[in-house]
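Beneath this line is the structure, given in structure tokens, with notes to follow.
No lab work stands behind these numbers, since they all come straight from the coordinates. The model shown is predicted, which means the values in this text are computed figures rather than measured ones. Neighbour counts run over all protein chains shown; Cβ positions are idealised from the backbone, glycine included.
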Amino acid sequence: MSAVGSSNPEYVVARVRARRGSLYGDEEYRKLTRMGPSEIARFMEESSYGADINALGSRHGGVDLIEYALNRNLAEQFDDILDWSEGSLYDLIARYLRKFDAWNVKTVIRGAYTDADQSAIETDLIRAGEFDDRRVRRLLEADSIDAVVEVLEDTIYGDPLREAYAEYEETDVLVPLENAVDRAFYERLLSGLGGDEPTRQYEAFLKAEVDFRNAINALRLARSGADIDPAAYFIEGGDLFTRGSLARLARNLDDLVEYIADSQYGEELGPALRELEEADSLIAFEHATDAALLAYGDRLGTIHPVSVTPVISYILAKEREVENIRAIARGKEAGLSADEIESELVIT
Amino acid sequence: MLEATNELGNVALQAGGTLTDANAAAALAVGLAALGAGYAERGIGSAAVGAMAEDDDLFVNGLILTVLPETIVILALVVVFIV
């Protein structure tokens, strides 16, 4: 509800655990990979996504309906969690969910850049973050990037965006703006975390996420061989890289792979790294980082049952479910076989 | 509450610095046990309400689990009859 008062992990964890039970398991995924888009929609209608499918069914159809229903459900569930939690628990959860605010800001900026239709932008937003409806509406009504920056003036994105806007005006590319949003999000993510044991574990998880993001960015840069300064994409806060080491490693793919294999994540990411070397497939590496995060999240949720960690564990599992169903639906639309789709899913 | 503690302190002081009056000690034992039970029920209660909000069938289980720590107070009451 808000960051005041004492935190109430008992209540939130009880509700979240009940919801976790209704997430799809292996069995459901196996069924879903053998269905067409309309059957998937019908299957979802009979599960916890029923209300969302019904609300959007008249306006959209096919894979779009599935996608928007997933986004809507995700936003509602995460909004609920923020509604329930109080005190320091709210702060810890909001840190992570602000990534949807960052996503929304980037979507709106891109929409303003391409002069997209307001309703088209609106359907792509995921209203799961901290921004209330009023601010989202004002963001949607902003018809230029300048206006978007103005709406965000009093948020954490205000100052960085203002600075990046000057750069954008010179170069007319969106990269500085998007980087500014991402960096504002990651800076807030890890600053001033408290000291008790569950919070430290949460911090370790967040650091792993930052590390993986840095690793994926560096791998992409190293593989593309493009002449971009890797340090510009560096995200602070992780354990694995420093700005200097990332810039050095991103020049040589083999060094980078070796460095990651020798790190504390080597055990979890080892098979994916070998695959990366052999088949040159970055997708497998991205899936491996996702699976490692999810497995870590699962473990996280059981060690300290009454703390923020089970909530984060649920948030991760839910995000993963939404992405899996989206992958199934999109894969079906593109005519992939059930086996190919299954290799795209991240299930622990 | 404060006055009661003051009273208790006076009683303790008059009795020579320690809590020697058996009745006062028993009262203190029950009171502390009740405080502990209340604290335990706070967490269980909010978790039970959370679970009930998701699934109504959990009402009976939630109720039982919520009042379980009450047994501490009942056991502490035994002390009152012993002294």
(request) Restricting attention to the range A:84-126, report how many residues are part of a helix (DSSP H, G or I), closer than 29 Å to residue A:192 by Cα, over 20 Å from the mean Cα position of the chain (by Cα) and not small (Gly, Ala, Ser). (result) 1
(request) Search the range A:253-268 for residues being within 18 Å of residue A:223 (Cα to Cα) and in contact with a helix residue (DSSP H, G or I) (Cβ under 7 Å, 6 or more places away or on another chain), and hand back the single one that is surrounded by the fewest Cβ atoms within 10 Å (Cβ to Cβ). (result) A:255
(request) Any chance you could count how many residues in the range B:39-60 are free of Cβ contacts under 8 Å to residues at least 12 places away in the same chain and more than 9 Å from chain A (Cβ to nearest Cβ)? (result) 5
(request) Would you point out which residue out of A:256, A:249, A:282 is touching an Asp or Glu at 6+ places or on another chain (Cβ under 6 Å) and either of a type in the set (D, E, K, R) or under 17 Å from residue A:224 (Cα atoms) (or both)? (result) A:249
(request) Scan the range A:127-148 for residues that are outside any helix (DSSP H, G or I), under 22 Å from the mean Cα position of the chain (by Cα) and touching a residue at least 24 places away in the same chain (Cβ under 8 Å) and report the count. (result) 5
(message) Restricting to the range A:36-56, give me the number of residues that are more than 14 Å from every other protein chain (Cβ to nearest Cβ), surrounded by fewer than 17 Cβ atoms within 10 Å (Cβ to Cβ) and either in a loop (DSSP other than H, G, I, E, B) or not basic (Lys, Arg) (or both).
(response) 10
(message) Just the residues that are without any contact (Cβ under 8 Å) to a residue 12 or more places away in the chain and either at positive phi or buried (at least 19 other Cβ atoms within 10 Å of the Cβ) (or both), please, taken from the range A:225-252.
(response) A:225
(request) Residue by residue through the range A:108-127, note down the ones that are surrounded by 15 or more Cβ atoms within 10 Å (Cβ to Cβ), closer than 16 Å to residue A:144 by Cα and either acidic (Asp, Glu) or in contact with a Lys or Arg (Cβ under 7 Å, 6 or more places away or on another chain) (or both). (result) A:122
(request) Tell me which residues, restricted to the range A:1-25, are loosely packed, with under 13 Cβ neighbours inside 10 Å, more than 14 Å from chain B (Cβ to nearest Cβ) and more than 22 Å from the chain's Cα centre (by Cα). (result) A:2, A:4
(request) Please verify whether the range A:240-260 includes one or more residues that are charged (D, E, K, R) and under 24 Å from the mean Cα position of the chain (by Cα). (result) yes
(request) Could you tell me whether any residue of the range A:275-288 is under 18 Å from the mean Cα position of the chain (by Cα), closer than 30 Å to residue A:86 by Cβ and touching a residue at least 60 places away in the same chain (Cβ under 8 Å)? (result) no
(message) Among the residues of the range A:149-176, what is the count of those that are in contact with a Lys or Arg (Cβ under 9 Å, 6 or more places away or on another chain), surrounded by 15 or more Cβ atoms within 10 Å (Cβ to Cβ) and not in a helix (DSSP H, G or I)?
(response) 4
(request) Among the residues of the range A:189-224, write down those that are part of a helix (DSSP H, G or I) and among the hydroxyl-bearing types (Ser, Thr, Tyr). (result) A:199, A:202, A:224
(message) Tell me whether the range A:306-324 contains one or more residues that are among the hydrophobic types (A, V, I, L, M, F, W, C), surrounded by fewer than 21 Cβ atoms within 10 Å (Cβ to Cβ) and within 14 Å of another protein chain (Cβ to nearest Cβ).
(response) yes
(request) Return the total of residues in the range B:35-83 being crowded, with 16+ Cβ neighbours inside 10 Å and within 12 Å of the chain's Cα centre (by Cα). (result) 6
